[in-house]
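The values are calculated or read from the model by the stated rules, or taken from the named source; none is laboratory data. Just so it is clear, the model here is predicted, and its values are computed rather than measured. Counting neighbours? That spans all protein chains shown, and the Cβs are built from the backbone with ideal geometry, glycine included. Keep in mind that these areas ignore ligands, DNA and RNA; they rest on the heavy atoms of the full protein, side chains included. Shrake-Rupley method; radii C 1.70, N 1.55, O 1.52, S 1.80 Å.
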Amino acid sequence: MVPPELPDLRAQLSRQADGLAGALAELQEISRGIHPAILTQGGLVPALKALARRSAVPVELAVRVEARLPEPVERAAYYIVSEALTNAAKHAQASTVHVAVEAGDGVLVLSIRDDGRGGADPRRGSGLIGLTDRVDALAGTIEVASPVGAGTTLLITLPVEHG
């Protein structure tokens, strides 16, 4: 929107925009390392219940986790569910999200299914890429099924190492 006769102003605004984009990226990176006190103090179950209560899309939550899990696993599970709920509200136009979490046999399994418009592609979009990176960091697996018009289902398995 800068008039062509003001190239110096255009350059200055461009530098400012680049600086703001860099600051935003840095802030996002810092925020990824911060997790809520309820997760640290209470564990995964109360943290997921709090996420479900705050979700913009109604959540049906089923959690079968009997004991505290290693902190990296709890943190990853929390952020995976958080990102999935954000994606369902922001992109999927979902009316409900079903979240099932179960620990057993040395793994934590998360199943997250929405009734939105589907069509999510794990190769596009930072949300799904971020989820995949988080799962890969713990040597887990992620499956994404998202047929157009039929919602999105994420099936994630994270190894649980006690020690």
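Of everything in the range 92-125, what is touching a helix residue (DSSP H, G or I) at 6+ places or on another chain (Cβ under 9 Å), aliphatic (A, V, I, L, M) and at pLDDT below 90? Give them in sequence order.
Within the range 92-125, Ala120 is the sole residue that qualifies.
Return the only residue of Leu128, Leu158 being in contact with a helix residue (DSSP H, G or I) (Cβ under 9 Å, 6 or more places away or on another chain) and modelled with pLDDT under 90.
On inspection, the qualifying residue turns out to be Leu128.
How many of the residues in the range 75-103 are touching a residue at least 40 places away in the same chain (Cβ under 8 Å) and small (Gly, Ala, Ser)?
Count: 7.
Has the range 68-89 got any residue that is open to solvent by 40 Å² or more (accessible area, probe 1.4 Å), modelled with pLDDT of 95 or more and of a type in the set (Gly, Ala, Ser)?
no
Could you figure out which of (1) open to solvent by 30 Å² or more (accessible area, probe 1.4 Å); (2) under 21 Å from Val148 (Cα atoms) isn't true of Gly127?
In the conditions (1) open to solvent by 30 Å² or more (accessible area, probe 1.4 Å); (2) under 21 Å from Val148 (Cα atoms), Gly127 misses (1) alone.
Given the options Val101, Val144, name the one that is at negative phi, in a strand (DSSP E or B) and open to solvent by less than 20 Å² (accessible area, probe 1.4 Å).
Val101
It is to be established whether one or more residues within the range 27-46 are under 15 Å from Val109 (Cα atoms), open to solvent by 90 Å² or more (accessible area, probe 1.4 Å), modelled with pLDDT of 85 or more and touching a strand residue (DSSP E or B) at 6+ places or on another chain (Cβ under 7 Å).
No, the range 27-46 contains no residue that is under 15 Å from Val109 (Cα atoms), open to solvent by 90 Å² or more (accessible area, probe 1.4 Å), modelled with pLDDT of 85 or more and touching a strand residue (DSSP E or B) at 6+ places or on another chain (Cβ under 7 Å).
Is it fair to say Thr96 is under 17 Å from Gly149 (Cα atoms) and surrounded by 14 or more Cβ atoms within 10 Å (Cβ to Cβ)?
Yes, satisfied.
Quick one: count up the residues across the range 79-96 that are touching a Ser or Thr at 6+ places or on another chain (Cβ under 9 Å) and part of a loop (DSSP other than H, G, I, E, B).
Matching residues across the range 79-96 total 1.
For Asp136, work out the one condition from (1) surrounded by fewer than 16 Cβ atoms within 10 Å (Cβ to Cβ); (2) on the phi < 0 side of the Ramachandran plot; (3) in a loop (DSSP other than H, G, I, E, B) it doesn't fulfil.
(3)
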